Amino acid sequence: MTSIDRQGLEGVFAESELPLLIRRQGMADWCDGIVRILDRRALPHEERYVDCKSVEDVARCIEDMVIQGAFSLSVASGYGLALAAGDQDLTGLQQASERLLKTRPTGLALNRMQAACMAAAELALQAGSSPRDAILATVDQAAAALARQGYQTGRTACELLEDGATILTHCFPDRSYAYMLVEARRTGKTINVIASETRPYLQGARLTSFCAVQAGFDAKVITDGMGGSLMRQGQINAFITAADRVCMDGTVCNKVGTYQYALAANANALPYYVLRQSGPDLESADEAAVEVEFRDGEEIVNIAGVRSAPAEVSGLYPAFDCTPPELVTRIVTDRGAFRAPEIASYVDAEPFVRDAVL
């Protein structure tokens with residue numbers, strides 16, 4: 001059976017029915033002792049993969065934006081830890097995990113994945129069994145649970161949109177967005193996507209629009225400064241993003257630029273829907289708990305390897321921003337759509353996936 005013939009991780013669709021970015025090979029996959037990661041920087045023009053043979057290889061893929069998205073990179077990090085499990089004791093595994101934890105500090109899914117994998121490895125070592133097998137089983141379980149959560153979240157999000165709706169997105173809203181489009185296609189609903197290009201890595205131009213086209217929908221790309229004006233002109237029906245972190249008070253942390261779009265949506269009486277499949281981060285009470293990653297400013301003053309600013313000018317690049325709950329209409333999860341100030345009640349709602357790792 002080829003990879004394209006396999007059933008999707010969510011257990012509903014064949015991989016061939018899904019956009020590339022939510023297939024196994026579109027995220028990170030364990031392939032006979034290597035971690036194979038789709039290089040998202042090359043999309044949409046080239047489908048190429050990076051084969052990682054060490055923890056450091058995986059860590060650099062995460063840091064260098066080969067793979068992006070809080071949940072996708074957490075899966076890559078888990079498989080990365082498995083690479084170290086073949087010849088390391090618990091101390092060596094802990095050092096490998098610490099290296100992976102340093103890659104991206106803002107999203108917490110990676111932290112949870114590492115904690116779950118380390119716990120599984122420790123139990124395996126105590127029992128005299130393979131820590132690598134234990135880690136791989138944990139990551140496989142997590143990846144499947146994330147896909148099921150993403151599918152359910154996408155279905156709920158699809159229900160919130162009218163047939164023919166035009167949505168504005170920022171960055172790549174990850175698997176829940178892709179499943180939302182797949183569900184719309186399945187039910188015969190039309191969704192038009194306007195993707196902000198999302199500098200400096202252009203995830204909106206390269207990934208969000210690519211995903212929409214693969215799902216069979218119209219997509220347009222705009223520069224990051226156009227969204228507010230389009231809202232005011234009545235060309236947008238809803239603003240939709242993912243979230244790298246959701247605090248217990250409903251604060252949303254996402255790609256920098258999200259806050260200004262949320263302000264514009266609020267000013268124009270448009271809904272802002274946040275796709276956050278696994279609910280809030282219990283460790284984060286509010287914005288004060290969020291560590292915003294600052295990336296190298298050189299990424300801002302260069303475009304496709306060509307410097308766009310004078311040599312004397314430096315770049316400033318906070319990679320994320322925080323949007324207060326009063327600007328968020330609903331946080332859409334696998335357990336339903338919640339008003340942002342009430343997102344803490346997610347923990348009391350009936351679980352959709354009972355074996356979720358993250």
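Nothing in this text is a laboratory measurement; each read-out follows from the coordinates by a stated rule. Computed from a predicted structure; not experimentally measured. We place every Cβ from the backbone using ideal geometry, glycine too, and count neighbours over all the protein chains shown.
Structural remarks
- Each listed q (0.14, 0.17, 0.19 Å⁻¹) maps to a log10 I(q)/I(0) for segment 162-348, found by the Debye formula over equal Cα scatterers with no solvent: -0.78, -1.11, -1.32.
- For R232, R199, R354, R245, the sequence from fewest to most other C-beta atoms within 10 Å is R354, R232, R199, R245.
- Looking at segment 203-260, none of the chymotrypsin sites (Phe, Trp or Tyr not before Pro) sits in a DSSP loop with at most 11 other Cβ atoms within 10 Å of its own Cβ.
- Centroid-to-centroid separation of segment 33-96 and segment 248-298 [C-alpha atoms, Å]: 26
- Dipole check for segment 162-348: with +1 at the C-beta of Lys and Arg, -1 at the C-beta of Asp and Glu, and the Cα centre as origin, the magnitude is about 800 Debye.
- In the list (1) 1.00; (2) 1.08; (3) 0.95, the label attached to Cα Rg over 2.2 N^0.38 Å as derived from the coordinates here is (3).
- Principal-axis tilt of helix 174-187 within the chain, Cα atoms, nearest 10 degrees: 60
- Ordering of 266-272, 279-285 by burial proxy (mean other Cβ atoms within 10 Å per residue, highest first): 279-285, 266-272
- Ratio of Rg to Rh for segment 3-147: 0.96 [Cα atoms; Kirkwood radius as inverse mean 1/r over pairs].
- Rg over Rh, two decimals, segment 115-204 (C-alpha only, Kirkwood Rh): 1.21
- To the nearest ten degrees, helix 131-160 and the longest principal axis of the Cα atoms of the chain are 20 degrees apart.
- Positive dipole terminus of segment 79-201, leading residue within G150, L90, A119 (C-beta point charges): G150
- Using Cβ point charges alone (K and R +1, D and E -1), the dipole size of the chain about the Cα centre works out to roughly 760 debye.
- Normalised contact order of the chain, rounded percent, pairs of Cα under 8 Å and 6 or more residues apart: 15
- Cβ-based exposure ranking for V35, V256, in which fewest neighbours within 10 Å come first: V256, V35
- With Cα atoms, 0 to 90° folded angle of helix 90-101 axis to the chain main axis: 10
- Sorted by Cβ neighbour density within 10 Å, fewest at the top, the residues Y273, Y79: Y273, Y79
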